[in-house]
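Please read the structure below before turning to the comments.
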There are 4 protein chains.
Amino acid sequence: MTLVRPTLKLGHEAGLLLVRAAVGKATAMGVPQVIAVVDDGCNLLTLLRMDGSRLLSIDIVTNKAMTAASTGLPTGDLPPASEVKLGLASGGRMTNLKGGLPIVVDGQVIGGIGVGSGTGDQDREVAQAAIDALLAALA
Amino acid sequence: MTLVRPTLKLGHEAGLLLVRAAVGKATAMGVPQVIAVVDDGCNLLTLLRMDGSRLLSIDIVTNKAMTAASTGLPTGDLPPASEVKLGLASGGRMTNLKGGLPIVVDGQVIGGIGVGSGTGDQDREVAQAAIDALLAALA
Amino acid sequence: MTLVRPTLKLGHEAGLLLVRAAVGKATAMGVPQVIAVVDDGCNLLTLLRMDGSRLLSIDIVTNKAMTAASTGLPTGDLPPASEVKLGLASGGRMTNLKGGLPIVVDGQVIGGIGVGSGTGDQDREVAQAAIDALLAALA
Amino acid sequence: MTLVRPTLKLGHEAGLLLVRAAVGKATAMGVPQVIAVVDDGCNLLTLLRMDGSRLLSIDIVTNKAMTAASTGLPTGDLPPASEVKLGLASGGRMTNLKGGLPIVVDGQVIGGIGVGSGTGDQDREVAQAAIDALLAALA
């Protein structure tokens with residue numbers, strides 16, 4: 001019987017690193033973005049809204065980050081027949097918009113990042129750049 | 001004129017039995033699940049989130065259980081043309097995601113169980129195993 | 001720079017153990033209770049509403065558990081001058097009602113338990129009995 | 001007739017600077033904090049939750065920042081007779097907990113910062129250190 005188990009916790013320095021890397025990539029692409037990072041508990045760790053990005057993306061990217069942290073999968077790959085039902089039943093939390101990626105370290109899902117204000121592909125590209133920067137720093 | 005009527009009430013021991021049976025089935029299947037049980041008032045009786053299951057399933061399975069208790073039917077069988085309208089108009093409560101089953105005793109709907117984190121078919125299979133265990137204990 | 005750090009995660013077997021111990025104590029006292037257990041992310045792990053307890057306690061005990069997990073302290077000890085302000089500013093999440101206790105293992109706060117439907121002192125007594133049972137099982 | 005007027009907008013670089021300065025001060029004090037920065041529209045610009053701070057402070061500090069940006073005054077100085085009424089009528093947004101400070105540049109209120117997880121005085125001290133760092137960078 002496993003009462004408690006060891007795990008890894010995403011720290012705020014990692015949250016800042018992810019946000020900074022995302023801002024760097026988004027700036028290079030010329031696409032201002034809103035970026036949210038959540039930990040394994042789907043709780044906000046860091047958030048940054050870039051100048052020129054979309055205000056209403058604040059909730060959207062938080063939900064992208066939460067979805068990726070909860071499923072351990074990139075957002076955007078659910079079957080279309082399920083996405084609206086999952087969105088409704090989760091109060092909007094579970095989203096199938098591209099731009100959410102899980103943060104996986106040592107095989108454990110320890111959080112998620114959500115990016116939004118560009119196209120879905122741009123959002124995912126910025127999120128991936130942030131993840132790459134974190135994994136490089138951990139290597 | 002029927003002012004008040006006798007009814008059956010689902011007790012917390014039944015709620016625990018359902019959760020334990022669901023955990024047993026989900027463990028055997030290797031699919032960690034979140035399980036919620038509600039009574040005839042659509043109020044939460046027991047809830048358990050298994051290690052490795054999805055955080056965002058907490059609200060989803062509660063809504064599955066409530067939908068099944070409210071309709072007396074398994075979730076997932078609504079006509080697709082209605083499911084979004086019913087979801088929107090009920091604030092997300094009424095869901096057509098598979099994995100919710102009514103709890104029927106002596107011909108009365110006395111509650112519902114909702115299971116989620118797997119595929120819809122896996123969720124329904126775990127919910128059915130829990131119902132079967134309750135009916136066996138009542139027989 | 002600490003990017004990720006090792007920590008402990010409360011498992012669902014611990015959540016069940018806490019609920020069972022609380023039910024045992026509440027039954028012995030003759031005071032039906034609602035019991036909620038959350039992990040370090042303030043997310044529900046297990047919940048049980050005993051026969052004869054108060055329906056509206058469901059949200060209350062969840063908030064007690066979240067407050068204890070968030071602060072690492074028993075609920076009920078805030079200065080009265082702050083309690084209403086903290087309750088309002090947290091959307092009701094932070095509560096100063098007695099009956100919430102942090103779950104502390106190896107010096108880490110890894111969750112919280114909230115109990116309610118009795119007097120504040122009864123609620124705290126049941127919560128403490130559950131914590132004691134968990135610590136005994138871990139010893 | 002003034003139909004539109006020039007104003008100053010707080011940028012995300014300022015939001016990052018404020019968060020970094022707050023983290024530096026909180027680290028020096030040994031008091032982990034949650035920090036939120038909002039612009040003149042009361043919309044989140046940056047947020048950071050330090051390791052060891054309180055999860056439930058996320059909403060609280062956002063509300064402190066919004067209150068300070070909205071009133072142009074430090075939080076905590078409302079007459080006690082009004083604070084609960086204002087909290088209730090604003091859905092919890094307007095708070096009189098210490099730790100919120102307006103961001104004032106060239107005599108204009110262009111945002112607010114909210115800090116929380118310590119005592120009210122510690123929260124205000126960290127917020128002030130962040131404001132001081134911003135004003136020094138602008139000088």
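Each value in this text was obtained by applying a stated rule to the coordinates, not by laboratory testing. These figures come from a predicted structure and were not determined experimentally. FYI the Cβ positions are ideal-geometry reconstructions off the backbone, even for glycines, and counts take in every protein chain you see.
Taking a label point 7 Å out from Cα toward Cβ, give me the nm distances from residue D:105 to the same spot in the other copies, shortest first, one decimal.
Label-point distances to the other copies, shortest first: 3.3, 4.8, 6.5 nm.
What ³J(HN,Hα) values, in whole Hz, does the Karplus curve 6.51 cos²θ - 1.76 cosθ + 1.60 give for the range A:75-91 when θ = phi - 60°, with x put for Gly and Pro?
6, x, 10, 5, x, x, 5, 9, 5, 6, 4, 5, x, 5, 6, 9, x
For label points placed 7 Å from Cα toward Cβ, what is the shortest-first list of nm distances from residue D:24 to its copies?
Counterpart label points of residue D:24 in the remaining copies fall at 2.0, 5.5, 6.1 nm.
Distances from residue C:7 to the same position in the other copies: list them in nm, one decimal, shortest first, using label points 7 Å from Cα along Cα→Cβ.
0.8, 3.8, 4.2
Is it possible to state the helix-based mean residue ellipticity at 222 nm for chain D, with each DSSP H run of 4+ residues giving -39500 (n - 2.57), the sum divided by total residues, to the nearest 500 deg cm²/dmol? What is it?
The helix contribution divided over chain D gives -14500 deg cm²/dmol.
How large is the dipole of the range B:12-138 about the Cα centre if only Lys and Arg carry +1 and Asp and Glu carry -1, each at its Cβ, rounded to the nearest 20 debye? Could you put the intermediate results ahead of the total?
Values: 9 positive and 12 negative charges, 59 e Å.
Roughly 280 debye, rounded to the nearest 20.
Students often forget the sequence filter, so: which aspartates and glutamates lie under 18 Å Cα-Cα from residue C:25 once same-chain residues fewer than 8 apart are removed?
Cα-Cα hits under 18 Å: B:13, C:51, C:121, C:123, C:125, C:132.
Determine the relative contact order of the range A:20-138: mean sequence separation of Cα pairs under 8 Å and six or more apart, normalised by residue count, in whole percent. Present the calculation step by step, with values, prior to reporting the outcome.
On the way: 266 pairs, mean separation 35.6, N = 119.
Relative CO of the range A:20-138 lands at 30 percent.
Using the Kirkwood formula over every pair of different C-alpha atoms, what hydrodynamic radius in Å results for the protein assembly as shown?
Taking every pair of different Cα atoms in the protein assembly as shown, averaging 1/r and inverting gives 24.3 Å.
Could you go through the range D:127-139 in sequence order and give the Karplus-derived ³J(HN,Hα) for each residue, using 6.51 cos²θ - 1.76 cosθ + 1.60 with θ = phi - 60°, rounded to whole Hz, and x for Gly and Pro?
Per residue, the Karplus-derived 3J(HN,Hα) values read 4, 5, 4, 5, 4, 4, 5, 5, 5, 5, 5, 7, 6 Hz.
All other residues with a Cβ under 14 Å from the Cβ of residue A:55 taken together, and with Lys, Arg as +1 and Asp, Glu as -1, what is their net charge?
So the environment of residue A:55 carries a net charge of -1.
Count charges around residue A:116 for me, please; just the other residues with Cβ under 13 Å from its Cβ, Lys/Arg as +1, Asp/Glu as -1.
Summing Lys and Arg as +1 and Asp and Glu as -1 gives +1.
Using modelled amide H (1.01 Å from N, peptide plane; none on Pro or chain starts), what sits under 5 Å from the amide H of residue A:45, excluding residues fewer than 5 places away?
A:37, A:38, A:39
Around residue B:100, which amide H atoms from residues at least 5 apart in sequence, or from another chain, sit under 5 Å from its own amide H, with H modelled in the peptide plane?
It is B:75, B:115, by chain and number.
Counting only Cβ atoms, what residue of chain A lies nearest to the axis that sends chain A onto chain D, and how many whole Å off?
A:47, 2
So how do B:132, C:106 line up by other beta-carbon neighbours within 10 Å, fewest first? Intermediate values should be presented prior to the final figure.
Numbers: B:132 12, C:106 9.
Listed from fewest to most nearby Cβ atoms, that is C:106, B:132.
First obtain the Kirkwood hydrodynamic radius of chain D from its Cα pairs, then insert it into the Stokes-Einstein equation at 25 °C and 0.890 mPa s, and state the resulting D in µm² per second as a whole number.
167 µm²/s
Residue D:111's amide H: which non-local residues (gap 5+, or another chain) put their own amide H closer than 5 Å, with H modeled 1.01 Å from N in plane and none for Pro or chain starts?
D:103
Report ³J(HN,Hα) in whole Hz for each residue of the range B:24-35, in order, from the Karplus equation J = 6.51 cos²θ - 1.76 cosθ + 1.60 where θ = phi - 60°; Gly and Pro get x.
x, 5, 5, 5, 4, 7, x, 10, x, 10, 9, 10
Which of C:88, C:110, C:3 sits farthest toward the positive end of the charge dipole of chain C, with +1 on the Cβ of Lys and Arg and -1 on the Cβ of Asp and Glu?
C:88
Can you tell me what percent of all Cα-Cα pairs in the range A:1-77 are more than 20 Å apart?
Looking at the range A:1-77, the distances longer than 20 Å represent 37 percent of pairs.
Just to confirm a number: summing +1 for Lys and Arg and -1 for Asp and Glu over residues other than residue A:134 whose beta-carbon lies under 15 angstrom from that of residue A:134, what do you get?
Net charge in that neighbourhood comes out at -1.
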